[in-house]
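Below: the structure, in structure tokens.
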Amino acid sequence: MGKTLSEKIWVDHVVRSAAGEPDLLYIDLHLIHEVTSPQAFDGLRLAGRKVRRPDLTIATEDHNTPTLNIDKPIADPVSKLQIDTLRNNAKEFGIRIHSLGDIDQGIVHVVGPQLGITQPGMTIVCGDSHTSTHGAFGALAFGIGTSQVEHVLATQTLPQSKPKTMAINVEGTLKPGVTSKDIILAIIAQIGTGGGQGYVLEYRGSAIRALSMEGRMTICNMSIEAGARAGLIAPDEKTFEYLKSKPHAPQGADWDAAVEYWKTLQSDADATFDHEITLKAEDISPFITWGTNPGQGAPLDGKVPNPADIADAEDRGAAERALVYMGLEAGTPFKNIKIDTVFLGSCTNGRIEDLRAAADVLKGKKIAPATRMLVVPGSARVRLAAEAEGLDKVFLDFGAEWRQAGCSMCLGMNPDQLAVGERSASTSNRNFEGRQGKGGRTHLVSPLVAAATAIRGTLSSPADL
Amino acid sequence: MDKFISHTGTVLPLRRTNVDTDQIIPAVYLKRVTKSGFEDGLFSAWRVDPDFVMNQPQHKGATILVAGADFGTGSSREHAVWALQNYGFKVVLSSRFADIFRGNSQKAGLLTVIIPQEKIEALWDAVEANPALEVTVDLDAKNVRFGSEVIAFEIDDYTRWRLMEGLDDIGLTLKNIADVDAFEAKRPSFKPQTLPAR
């Protein structure tokens, strides 16, 4: 019987397999940032252990970093201590680090692909749940906790139980104005925040193959929001083309050997998945979330749902609580919802293509009164690329703020936060209570919807302009 | 890691589903570089409400958290596990846990036990009727006991053994480090390295 893509990658990385134990998996790349690593390095020091493979490890500063005045000392002393701790640990253990102000600094999941160290067939981990992003290259990539960060630092391996496999087929052609963000929000609304638990998701079908690498990263990024630790897409010519010019792409004969291997990274025709679902691309329209988990989403053309119409008692209770938190009334058309802040950025939608798509909509327009818009590139290089194309001017002329790279308002660890009761349309990945600031209310949207919303001041798509 | 064999304590009934890690410990609390002191941030947004179940005096001192489905969704922050442990919880019961949270809890020695939703409901009802109810979570016998109820649960033998012995995972892997050496010797040359930087 054939194997699925994730099973092939798994088999290629088993270091040790024993009855009654999880497999010991080799880890090809370990990405590190300031928030989930300090306690892991402390553990190494306490046990007198070293980092086994500094040459398969890379660190960047992203979660906690300011997006203004990055040439000045970090104002918050606790944030500064955490950043300093990462710098000291990198120095002590010989790990490459891209610090604030470095040209390769940025969100860890934007930096890996742009350096070309994210490649097909790899196992990639990071102490961050959005590590699933790297699955867009046909890598098995998943988030881990700090204990596992320490484990990988010390051994370059992780004991892991083999996950089940789920195929998510998206067939057909997307309608204009519909993006990969809408696809993944629609998938999560369909299978729920727990639907992917225990699975690796493989996104397949003509609509997935038609997506750019950036679009594929957006989809894989939010696999965790469906409960799956990893999501991946088989590599193809687009993947190879994207990688070819990147600094860490294999060179010469290594490139040829790599591509030959990468071409085998497809689920076999006779492989069976433990579960399979299919969506029609034509059925998907611009999608938003109305509640406080990413599964509480609906097409933008709709209305705030009435919890009374929800059959499942737990879902009903969750919807009731969500509407209270979000300050929404059942039956309100989504397009009547007034937005205070638009956030364009994050590891989900902070890449150059996302900025281009939004700038296209905004060009020559002015921001709605009493609305603010933050544009935060995913990395320093994305920011530079955007400036080279003049996108910064488009955003600034429109009335948006043009910031330095980082996670920023996606999780509000730095000063970029919502105030109590403030409502955002955000291209990020989580609409949890207080995620973007205590008492803040988040609607997840695509970059196109974010841009149209900033123009009109209410949730909107470019078709409404 | 402390050994976990069996624990008896009282219950905090948390009647909510999809309790994500941003609720368990908001991001603003994640700036600490230690594993302790996170109890202040535990459910901090909900705790400002005096009626929130954690603020009710009859549940003071509870060591077993019983929550709705999909507990621990969201971020990979192990700080969520530490916050629960720092506050005094030894066990979390739910009908479904998010994968990363569960993995983290098993590494850090917080026992997470899956029992069917109807048993979760029964436990909520029993505790709300009698907040002093003593509940035993027995990893050795693989069951949860209260009153005359005995609820069996499943956990894989490997994880159970590690928790009961309080074993260090890294130490276990290092015993087999020769296998890692052998694997590395066969890795293809086209696999990328981060050093030297290009």
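Since every read-out is calculated from the coordinates, none of them should be taken as a lab result. Just so you know, these numbers come straight off a predicted model, no measurement behind them. Note that we place each Cβ from the backbone using ideal geometry, even for glycine, and neighbour counts take in every protein chain shown.
When you count, for each residue, the other Cβ atoms within 10 Å and take the mean per peptide, how do B:131-137, A:422-428, A:264-270, A:71-77 rank with the highest first? Display every interim value, and only then the final one.
Numbers: B:131-137: 17.1, A:422-428: 25.4, A:264-270: 14.4, A:71-77: 11.4.
In descending order of packing, they fall as A:422-428, B:131-137, A:264-270, A:71-77.
Using Cβ contacts closer than 10 Å as the measure, can you line up B:M54, A:M409, A:M1, A:M213 from fewest to most? Don't skip to the end; give the middle numbers.
Numbers: B:M54 16, A:M409 29, A:M1 6, A:M213 19.
If I rank by nearby Cβ atoms, fewest first, I get A:M1, B:M54, A:M213, A:M409.
Using square roots of five times the C-alpha gyration tensor eigenvalues, list the equivalent-ellipsoid semi-axes of the stretch A:67-188 in whole Å, biggest first.
31, 22, 13
Largest first, please: the extent of the C-alpha atoms of the stretch B:54-198 along each principal axis, to the nearest Å.
Projected onto the principal axes, the Cα atoms of the stretch B:54-198 cover 64, 33, 25 Å.
Around A:D128, which amide H atoms from residues at least 5 apart in sequence, or from another chain, sit under 5 Å from its own amide H, with H modelled in the peptide plane?
Hits under the 5 Å cutoff: A:I144.
Using the Cα centre as the reference, give the magnitude of the dipole from point charges on the C-beta atoms of chain A (Lys, Arg: +1; Asp, Glu: -1; all else neutral), rounded to the nearest 20 debye.
Numbers: 47 positive and 55 negative charges, 153 e Å.
So the dipole magnitude of chain A works out to roughly 740 debye.
Which of the peptides A:14-22, A:58-66 is most tightly packed, and how do the rest follow, going by the mean number of other Cβ atoms within 10 Å of each residue? Walk me through the numbers on the way to the answer.
On the way: A:14-22: 13.8, A:58-66: 26.3.
Listed from highest to lowest mean packing, they are A:58-66, A:14-22.
Excluding residues fewer than 8 places away in the same chain, name every one of the aspartates and glutamates whose C-alpha is closer than 16 Å to that of A:K366.
A:D340, A:D392, A:D397, A:E401, A:D464
Give me the percent of Cα-Cα pairs in the protein assembly as shown that sit more than 46 Å apart, rounded to a whole number.
12 percent
Using only Cα atoms, what is the ratio of the radius of gyration of the stretch B:130-185 to 2.2 N^0.38 Å? It would help to have the intermediate numbers written out before the result.
Values: Rg = 18.2 Å, N = 56, 2.2 N^0.38 = 10.2 Å.
Here the answer is 1.80, to two decimals.
If one puts a single equal scatterer on every Cα of the stretch A:116-223 and applies the Debye formula without solvent, what log₁₀ I(q)/I(0) results at q = 0.12, 0.20 Å⁻¹?
Values, matching the q order: -0.44, -1.10.
Just how large is the dipole of the stretch B:54-129 about the Cα centre, in debye to the nearest 20, putting +1 at every Lys and Arg Cβ and -1 at every Asp and Glu Cβ?
Numbers: 7 positive and 7 negative charges, 66 e Å.
In debye, rounded to 20, the stretch B:54-129 gives about 320.
Report for chain B the percent antiparallel among DSSP-assigned beta bridges with both residues inside it, nearest 5. Write down the numbers at each step before the final one.
Details: 11 of 24 bridges.
That works out to approximately 45 percent antiparallel.
Across the residues of B:89-99, average count of Cβ atoms on other protein chains within 10 Å?
On the way: counts 0, 0, 0, 0, 0, 0, 2, 4, 3, 7, 15.
The mean count of partner-chain Cβ atoms within 10 Å per residue comes to 3.
To make sure I understand, if each residue's beta carbon is the centre and we count other beta carbons within 10 Å, what order do A:R351, B:R15 fall in, fewest to most?
On the way: A:R351 30, B:R15 14.
Going from least to most buried by this count: B:R15, A:R351.
Would you tell me the mean number of C-beta atoms belonging to other protein chains that fall within 10 Å of each C-beta in A:124-137, as a whole number?
Numbers: counts 0, 1, 1, 5, 4, 10, 2, 2, 0, 0, 0, 0, 0, 0.
Partner Cβ neighbours, averaged per residue: 2.
Which of A:K175/A:K238; A:K393/B:K31; A:K50/A:K246; A:K175/A:K303 have a Cα-Cα distance over 24 Å?
Working: A:K175/A:K238 21 Å; A:K393/B:K31 34 Å; A:K50/A:K246 30 Å; A:K175/A:K303 21 Å.
With Cα atoms farther than 24 Å apart: A:K393/B:K31; A:K50/A:K246.
Please give every one of the lysines within straight-line cross-link reach of A:K244, meaning a C-alpha to C-alpha distance under 16 Å, and leave out same-chain neighbours fewer than 8 residues apart.
A:K244 reaches A:K263, B:K191.
Run the dipole for the stretch B:66-193 about the Cα centre, Lys and Arg Cβ at +1, Asp and Glu Cβ at -1, nothing else charged, and hand back the magnitude in debye, nearest 20. Could you put the intermediate results ahead of the total?
Details: 14 positive and 20 negative charges, 106 e Å.
Approximately 500 debye in magnitude.
How crowded by other chains is A:34-40, given as the mean number of beta carbons from other chains within 10 Å of each beta carbon?
Numbers: counts 3, 9, 6, 1, 5, 8, 1.
Partner-chain Cβ atoms within 10 Å, mean over residues of A:34-40: 5.
If r is the Cβ-Cβ distance from A:K238 to A:V78 and R0 is 45 Å, what FRET efficiency results, to the nearest 0.05? Working shown, then result.
Working: r = 42 Å, r/R0 = 0.94.
Working from the Cβ atoms, E equals 0.60.
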